Every structure is written in C-alpha cells, then in structure tokens.
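The values are calculated or read from the model by the stated rules, or taken from the named source; none is laboratory data. Everything quoted here is computed from the prediction, not taken from an experiment. So basically every Cβ, Gly included, is an ideal-geometry build from the backbone, and we count neighbours across all protein chains shown. Heavy atoms of the whole protein, side chains included, go into the accessibility calculation; ligands, DNA and RNA do not. Shrake-Rupley method; radii C 1.70, N 1.55, O 1.52, S 1.80 Å.
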Amino acid sequence: MKRLLLVLVGVIAAAILALWIIGLLLPADHVTRVSRWYPAPRDTVWTAISDVRAYPQWRTDLDSVTVMADPLAWREYGAFGAITFAADESVPRERLVTRIVDQDLGFGGRWIYTMGDSAGGTVLTIVEEGEVSNAFFRTISRFVTGHDATVRQYLDDLGGRVGGEGGGGGGGGGGV
C-alpha cells in the first residue's frame, strides 16, 4: 500500500513537472480575437461595457467593483480574485481599450473593444493582447481553458445584459 501511494505521488509530481516544462516552451504572449453580434443599438452596448459600476449586475464572474480614480480605474473582485484595471482609451460608441494594472498576477494584458453596426444590431469585437508569465498557467490557458475563455464568457454575459443569444449570437474566431 505504501509503495502504491509513493507511485501515485510520483505520477502526480511528474504530471505537474510536465505541465510546467510544456509551459516554458510556449510563448508567454498571445493575441485572441472574438466578435459577437447583438440585436441592440451601439448606445446600449456602449453603456453596458463602459459602465463598470454595473458590471456585477450582469457579469457572472464578478462579486463587486470598486471605482478607484478618474481617469477611469477600477478593481474587480470575483472568480480571479482582485484585479485592477484602467481605461487607456475611450471613444464612445466606437472603441475602448482597457488593461490590467496589477503586475503580480501571473497574467496581464489589455482588451481592445471595437464596435460596428451590422444587420440592425451591433457587432462587438474584443481583441485580447495577453501575457501569461506563469509557465504552469500558460499550459492550462493554452490547452485546457483556451486563451479566449474569458473574452467568450464576457460576451456571453453581455448578451444577457443587452439582449440576444450571448453564447451563440454569431461568434467569432479564436486565437489569432
């Protein structure tokens, strides 16, 4: 029994080591682009994505948001712990650029939101320019969850806020 336990511990340790080594071989940076169509005007979509105080009302991964500064900076509390963001660019109804301010999370980057009119609604595209510095998390985000998982969840939740199918509403491509 003791030998079986040692073998099991060795297999688990080898698996963790393998995931870490694979992560070291993967690039830290990635770019993901996902688009979604919503049957709502740009004003409605813009209000939803730019009103960070209301995020906990519709984002399933958030518990609360604290607005910290002007120009806009805020801290989100939720599934990934506390993360601080800043809006670097804001062109109402057209473009929003946000970035993760924290440097010690094991991941970071920015989201570039662009909006356009299409078929009586709005197409929102989010480009994630991300970095996963932790090698273990890099493997998980590449092969298990996908680099686009957070963007897709955000767009799904937004569909619940502004109307539309959310998850199925004319989605876009994965990693670029």
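Please state the charge dipole magnitude for the stretch 57-169, taken about the Cα centre, from unit charges on C-beta atoms (+1 on K and R, -1 on D and E), reported in debye and rounded to the nearest 20.
In debye, rounded to 20, the stretch 57-169 gives about 120.
Can you tell me the 0 to 90 degree angle between the C-alpha axis of helix 149-162 and the longest principal axis of the chain, rounded to 10?
Tilt of helix 149-162: around 30 degrees.
With Rg and Dmax of the Cα atoms in Å in mind, check [x] 18.8, 67; [y] 16.8, 60; [z] 15.8, 56 and report the label derived from this structure.
[x]
Give the carbon-plus-sulfur fraction of the accessible surface of the stretch 1-71 in %, rounded to a whole number; probe 1.4 Å, heavy atoms of protein chains only.
Carbon plus sulfur share of accessible area: 67 percent.
With +1 assigned to the C-beta of every Lys and Arg and -1 to the C-beta of every Asp and Glu, and no other charges, what is the dipole magnitude of the stretch 25-123 about the Cα centre in debye, to the nearest 20?
Computed charge dipole of the stretch 25-123: roughly 260 debye.
Would you mind checking the tilt of helix 2-25 against the longest principal axis of the Cα atoms of the chain, expressed as 0 to 90 degrees and rounded to 10?
That helix lies at roughly 50 degrees to the long axis.
Find the accessible area per residue for the chain; the probe is 1.4 Å, ligands and nucleic acids are left out, and the unit is Å².
55
Select from 121, 56, 15 the residue farthest towards the positive end of the dipole of the chain; place +1 on Cβ of Lys and Arg, -1 on Cβ of Asp and Glu, and compute about the Cα centre.
15
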